[in-house]
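Everything on this sheet refers to the single structure shown next.
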Amino acid sequence: MTMDDNKLTFDKITSDLTHHIRINKGFLIWMGFLTLSLLICLYAYSIQLKTGLGVAGIRDYITWGMYLANFVFFVAASLIGMLISAVLGLIGMKWLTPITRIAETIAVAFAAVAGLVIVSDMGRPERLAYVFIYGRPQSPILWDVTVITTYFVLSLLLLFLPMIADMAIIHRKVETLPSWLRPVYKVLSLNFTDQPAQNKIISRAIRILLILLIPAALSIHTVTSWLFAVTSRAGWDSTVFGPYFVSGAFVAGSAAVIIAMFFFRKNYKLQDYLTDMHFDKMGKVLATVSLVYLYFNINEFLVPGYKLKRADAIHLQELFAGKDALLFWAVQVGGLILPILFMLFRRFRKPLPILIISIAVLIAAWFKRYLIVIPTQEHPFLPIQHVPGNFIHYSPTLIETLISVAPFILVLIIITLISKFFPVIPLHETAQEKGIGHIKFD
Amino acid sequence: MEDNHTPHSPNESDNQKGSSRRDFLKNIGLAGVGVATGAAALYSGHIFEAKKEVSGDQKVLLTQDGKLVRVDSLEIKALDKDDEEIRETMCRGGLPGRRWVMVTDLSKCRNARKCINACQGAHQLRPEQYHMNTLQMQDTPGTAPYNMPKNCQHCDNPPCVAVCPVDATYKRPDGIVLIENDRCIGCRFCMAACPYSARIFNWIEPKDAALHQDQEYNAELNVPQKLGTVSKCLFSADRLREGKLPYCVEACPNGVYYFGDENEDAVTNGTTKETVRLSKLLRDNGGYQLMPELGTKPRVYYLPPKNRLFPFEEATDATPEKV
Amino acid sequence: MRFNTLFILILIFTAGTRTSAQTWVVPDEQKAVVAPFKFTPDMQKQGEQIYLKNCQACHGLMGKDNWARLTPPPGDLSREKAQIQRDGEIFYRITTGKTPMPEFRNILSEEDRWWVVAYLRTFNPKYVQPNPVAKAAFTGRIVTLAMQYNDQMKKIVVTASEQLKDGQKGPAAGVEVVLFVKRYFGKMQVGDIRTTNAAGLALFEFPADLPGNKDGNVALTAMVNDPKGIMKTTPADAAFGIGVPTEKPGLTETRAWWSHRGQAPVWILLTYTLSVVIVWGFILYIVYSILQIRKLSKG
């Protein structure tokens, strides 16, 4: 390769990966739509703030509803950052490079919003600070708050560190950049000039982060599963809840990454960087984690189903053949078993089929959380009597649904903003991997 | 002859030196409530202050003995740190040397629901909010149905307290599991953790909230109830301090409830006021606890529904309206 | 079907009534008892409150026939079947009770019970209250109790003395004595009722396993058992160190999952604090090194 080729290729890469960094009409319309939707949802939340949690369908027996299911889902989806970056990254899978930032973006967005979701479930949100002031180290909620905060910060740093070099490039090279944005990149790039000492700091910091990320990520979802598993209720009283949740989280997260990959590739014209190979490989990842999740599902249902202790029997009866059966089988078959079968074939791991599979998996993942959280509470150990009908059967209200939609909009906003103003594919890393060498900063 | 009520613990009326410390603590405790409610400030104000300023702005306060009083707002003094400590000691400290225990005789319950009414009245609860609820139970299809009053079991290994993130619900040395609704963040983890479904939540504005809004919070009565916080049976901690039986125990017309101090090995029937030995009552009647296999170590015992005084009837009372 | 059920129910209830009617007989001299005071509207109002609290659960609201379906049926007390009784009869039934009706002797004072009668009578327009008879001047025995603990015998000795006709004091023989130990919510009977001997003495054994306070002290009351109220008696109070010394620790003294945060198990405190310190130490280090990047730039 000659110097000229290198220069050309570098310029091409830069242009390919940064051409979308400009404020265009499509972006404004999309953001306007998201903001408007968010405002409607926030209005719903303001009603809840004023009149109390009673605006939701939750009552004394089914006391955790859609908000909690949502929370578990968001924590789950955020876990993928750890799987892609840390586990697969530390092993040294080079094909992952273009996907790492997408995974990290998803991790940051979902982790940040998970913290907000849980506030929407609080009866006294204005007392949130009490968790830090009066926190009891014996309560899984304190652990959860701690690990989610930690995981969010770790993910944010892991998103930011590889971006430093990219921002230095953008600040210098991207012509389409609005003039008021340029200084922001300059500040964020920390005067990065590709000095060996600078690169050494960054790579060491990334290495530490990747190692810390593994226990932190395992903790967030394990602790979240403990919110349920530390109780003695049928359906929650399980020793495999930690790994069950973690493996389920990888399923949801992988599906989310595939969906994001598809739309970024299409909207930002990244076909050369996110190739069919990447979709094929991510399809294999999704199939693998789904198989692991299926294994835990079998454990989770077969073992209590074999013994049929009274409360477990009622719980399983409701899930398998009762009120929740339709949803349960739709989720288990449509969101787990069928996708696994399809993904065994190469042709279903092409971008479009795998997108459709991923969407099905992600929707099923949300309803799976719903099935974990709600049915258990509908049949406690002692009968529910002398209360109104809406205490016995849970059905979400409109306001509750709107409040539950808000986090999704928020996640879309965060992902849109990050992907819009930063290269979706790590620019500096890709250039280095293509053997272009160090960027010349003038 | 019929003087069954002793306003203070008879044990402490012993002219023994040993009990003076206890009396002292108790007095401190009682003073603490007074200070906490502001009523004591009013009292000393009346007695010691010759000149009196009046603002005309009257506040309604709850005194330590559960009476509502009207106080001029100028006479209410904010708590300083020491008072807070006293209040903490007195409320969180419980009644020294006691281990409260309740015995519910299922053979006598006929679902009169008097306990429930008394309880809901005392704690300002709406009809669908139960600190105490009588359930129609049938353990297996082949066994006879029976009525079972169910309240908080005040476990010695309370799963609800374990999971509270902010120390809002806590176990007292005298066995009572209390809630401080000034502290509760409304996460409802305790409700999820309780296997007895004993806890309730203020989903909407509590009953007559406007009426009680000026009332000083009494943690031992959990009144006034607060929107967005958890509530539950408190073993009527406020009544125990006065030497009285809990509201539900006293209200039962059928002699279902016994209440007392395990350390004294004695429980008193709320209807007949007869005091009997706890250990003998449990031994003679096959006393048991609810779901002891969960390891919660409840402080409520049940006597089995054998030789029932009343035939079982399906409950016919109206279901509370939807909220 | 419905009619059949009703028919069966009626059969059951009438059967129940028959048996109960046969067995709950009020002694004639009790039937003749009349209230010691004239009923006033105020008393009737008080009586209503007592009725609502203690009686309504079974007997239902007056005149509504909504009494609880029990065996024997409690019945509506405004109806003729109840109102046909004399005041003394109603008073006696309230006082003594009969399963499943509780005995109100110890729940309601004598005055309270008469107030309930006064209230019940407001539903009987034909009722005319018989002239009140004030309680007759007292002519029965006047007994005073005293109590000691005999260390050698390990027994509580209750001494009953009475005022004799000649104004002298002498031992009261044949008096039934009950011993109570004071507990938080009332007094608890210890052992059986004893009758005093010719010397006016009754001996009680104190159970070896009954808890006292931390020094083993128990407060005792000895009373004369006089259900008919024909004596004037003075009980004896005393405290002896004969109980099991009891000083159980508070229930919150262990470190546990459920303890308050100051009492958290040490290993949780350590694990939690260490993890937070270590991880956040690294995070702070990384943030610090990121800030170094700026310094290292050249040009």
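The values are calculated or read from the model by the stated rules, or taken from the named source; none is laboratory data. What you are looking at is a predicted structure, and each value in this text was computed from that prediction instead of being measured. Every residue, glycine among them, receives a Cβ derived from its backbone with ideal geometry; neighbour counts consider all protein chains shown.
Against the conditions (1) more than 8 Å from chain B (Cβ to nearest Cβ); (2) more than 30 Å from A:Ala255 (Cα to Cα), where does A:Ser139 fall short? Just the number, please.
With (1) more than 8 Å from chain B (Cβ to nearest Cβ); (2) more than 30 Å from A:Ala255 (Cα to Cα) applied to A:Ser139, the lone miss is (1).
Scan the stretch C:212-258 residue by residue and report those that are in contact with a helix residue (DSSP H, G or I) (Cβ under 7 Å, 6 or more places away or on another chain) and under 14 Å from C:Val190 (Cα atoms).
If the condition is that a residue be in contact with a helix residue (DSSP H, G or I) (Cβ under 7 Å, 6 or more places away or on another chain) and under 14 Å from C:Val190 (Cα atoms), then C:Ala219 is the only one that fits.
Only residues in the stretch B:197-219 that are away from chain A (no Cβ under 14 Å) and closer than 20 Å to B:Leu234 by Cβ count as the first member; pair them with residues that are surrounded by 18 or more Cβ atoms within 10 Å (Cβ to Cβ) and modelled with pLDDT of 90 or more, Cβ under 6 angstrom, at least 6 apart or cross-chain, and list the lot.
Short answer, once both residue conditions are applied: B:His212/B:Pro224; B:Gln215/B:Pro224; B:Ala219/B:Glu180.
Hey, does the stretch A:274-284 have a residue that's of a type in the set (Asp, Glu) and touching a Lys or Arg at 6+ places or on another chain (Cβ under 7 Å)?
yes
If you go through the stretch A:73-93 one residue at a time, how many are more than 18 Å from A:Ser155 (Cα to Cα) and at pLDDT 90 or above?
0
For C:Gly241, work out the one condition from (1) surrounded by 11 or more Cβ atoms within 10 Å (Cβ to Cβ); (2) over 30 Å from C:Met147 (Cα atoms); (3) at the interface with chain B (Cβ under 9 Å from one of its Cβ atoms) it doesn't fulfil.
With respect to (1) surrounded by 11 or more Cβ atoms within 10 Å (Cβ to Cβ); (2) over 30 Å from C:Met147 (Cα atoms); (3) at the interface with chain B (Cβ under 9 Å from one of its Cβ atoms), C:Gly241 is out only on (2).
Being away from chain B (no Cβ under 11 Å), surrounded by fewer than 24 Cβ atoms within 10 Å (Cβ to Cβ), farther than 21 Å from C:Met153 by Cβ and at pLDDT below 95 narrows it down to one residue among C:Gly170, C:Gly191; which is it?
On inspection, the qualifying residue turns out to be C:Gly170.
Name the residues in the stretch B:215-255 that are of a type in the set (Lys, Arg) and not in a loop (DSSP other than H, G, I, E, B), would you?
Across the stretch B:215-255, the qualifying residues are B:Arg239, B:Arg241.
Restricting the first residue to the stretch A:189-215 and requiring it to be farther than 11 Å from A:Leu157 by Cα and without any contact (Cβ under 8 Å) to a residue 12 or more places away in the chain, which pairs with a second residue that is among the polar types (S, T, N, Q) and assigned to a helix (DSSP H, G or I) meet a Cβ separation below 7 Å and a spacing of at least six or different chains?
A:Ile201/C:Ser289; A:Ile201/C:Gln292
Looking at the stretch A:148-163 only, could you name the residues that are at the interface with another protein chain (Cβ under 9 Å from one of its Cβ atoms) and crowded, with 23+ Cβ neighbours inside 10 Å?
Hits for the stretch A:148-163 are A:Thr150, A:Leu154.
Taking the condition touching a strand residue (DSSP E or B) at 6+ places or on another chain (Cβ under 8 Å), in contact (Cβ under 8 Å) with a residue 40 or more places away in the chain and more than 30 Å from C:Thr23 (Cβ to Cβ), does C:Ala134 pass?
no
Just one of (1) over 22 Å from the mean Cα position of the chain (by Cα); (2) part of a loop (DSSP other than H, G, I, E, B); (3) under 29 Å from C:Val175 (Cβ atoms) trips up C:Gly229, so point out which.
With (1) over 22 Å from the mean Cα position of the chain (by Cα); (2) part of a loop (DSSP other than H, G, I, E, B); (3) under 29 Å from C:Val175 (Cβ atoms) applied to C:Gly229, the lone miss is (1).
Within the stretch C:53-65, is even one residue assigned by TED's automatic domain parsing to the domain that holds C:Ile107, touching a helix residue (DSSP H, G or I) at 6+ places or on another chain (Cβ under 9 Å), under 27 Å from B:Cys109 (Cβ atoms) and surrounded by fewer than 15 Cβ atoms within 10 Å (Cβ to Cβ)?
Yes; the residues of the stretch C:53-65 include at least one that is assigned by TED's automatic domain parsing to the domain that holds C:Ile107, touching a helix residue (DSSP H, G or I) at 6+ places or on another chain (Cβ under 9 Å), under 27 Å from B:Cys109 (Cβ atoms) and surrounded by fewer than 15 Cβ atoms within 10 Å (Cβ to Cβ).
What single numbered condition from (1) more than 9 Å from chain B (Cβ to nearest Cβ); (2) more than 23 Å from the chain's Cα centre (by Cα) fails to hold for C:Leu220?
(2)
Could you check the stretch C:14-73 for helices (runs of 4 or more DSSP H) lying wholly inside it with 1 or more residues that are modelled with pLDDT of 85 or more and charged (D, E, K, R)?
Filter on the stretch C:14-73 gives C:28-31, C:41-54.
Among the residues of the stretch B:217-270, write down those that are under 26 Å from A:Asp121 (Cα atoms), in contact with a Cys (Cβ under 6 Å, 6 or more places away or on another chain) and not polar (S, T, N, Q).
Those that are under 26 Å from A:Asp121 (Cα atoms), in contact with a Cys (Cβ under 6 Å, 6 or more places away or on another chain) and not polar (S, T, N, Q): B:Ala219, B:Val230, B:Lys232, B:Cys233.
Inspect the stretch A:371-390 for any residue being more than 14 Å from chain B (Cβ to nearest Cβ) and either assigned to a loop (DSSP other than H, G, I, E, B) or at pLDDT 95 or above (or both) and give the result as yes or no.
Taking every residue of the stretch A:371-390 in turn, at least one turns out to be more than 14 Å from chain B (Cβ to nearest Cβ) and either assigned to a loop (DSSP other than H, G, I, E, B) or at pLDDT 95 or above (or both).
Do you know which of the residues in the stretch A:184-242 that are of a type in the set (S, T, N, Q) and in a helix (DSSP H, G or I) is surrounded by the fewest Cβ atoms within 10 Å (Cβ to Cβ)?
A:Ser203
Examine the stretch A:114-128 for a residue that is more than 14 Å from chain B (Cβ to nearest Cβ) and either within 12 Å of A:Ile220 (Cβ to Cβ) or touching a helix residue (DSSP H, G or I) at 6+ places or on another chain (Cβ under 9 Å) (or both), and state whether such a residue exists.
Yes, that holds for at least one residue.
Any idea which residue in the stretch C:74-91 is nearest to the other protein chains (Cβ to nearest Cβ), counting only those that are in a loop (DSSP other than H, G, I, E, B) and small (Gly, Ala, Ser)?
So the residue we want is C:Gly75.
Residues C:Val181, C:Val177, C:Val158: which one is part of a strand (DSSP E or B), closer than 30 Å to B:Pro96 by Cβ and at pLDDT 95 or above?
It is C:Val181.
Would a scan of the stretch B:268-277 turn up a residue that is within 25 Å of B:Val161 (Cβ to Cβ), more than 14 Å from chain A (Cβ to nearest Cβ) and of a type outside the set (Val, Ile, Thr)?
no
Got a sec? Which of C:Tyr149, C:Tyr127, C:Tyr184 is hydroxyl-bearing (Ser, Thr, Tyr) and either within 13 Å of chain B (Cβ to nearest Cβ) or within 27 Å of the chain's Cα centre (by Cα) (or both)?
Sole residue among the options that is hydroxyl-bearing (Ser, Thr, Tyr) and either within 13 Å of chain B (Cβ to nearest Cβ) or within 27 Å of the chain's Cα centre (by Cα) (or both): C:Tyr184.
Which ones in the stretch C:245-299 are within 14 Å of chain B (Cβ to nearest Cβ) and in a helix (DSSP H, G or I)?
C:Arg261, C:Gly262, C:Gln263, C:Ile268, C:Tyr272
Being closer than 21 Å to A:Tyr244 by Cα, under 22 Å from the mean Cα position of the chain (by Cα) and modelled with pLDDT of 95 or more is true for just one of A:Gln332, A:Gln317. Which residue is that?
From the options A:Gln332, A:Gln317, the qualifying one is A:Gln332.
Test of understanding: among B:Gly228, B:Gly175, which residue is buried (at least 23 other Cβ atoms within 10 Å of the Cβ), under 25 Å from B:Glu293 (Cα atoms), of a type in the set (Gly, Ala, Ser) and at the interface with another protein chain (Cβ under 8 Å from one of its Cβ atoms)?
Only one candidate passes the filter, namely B:Gly175.
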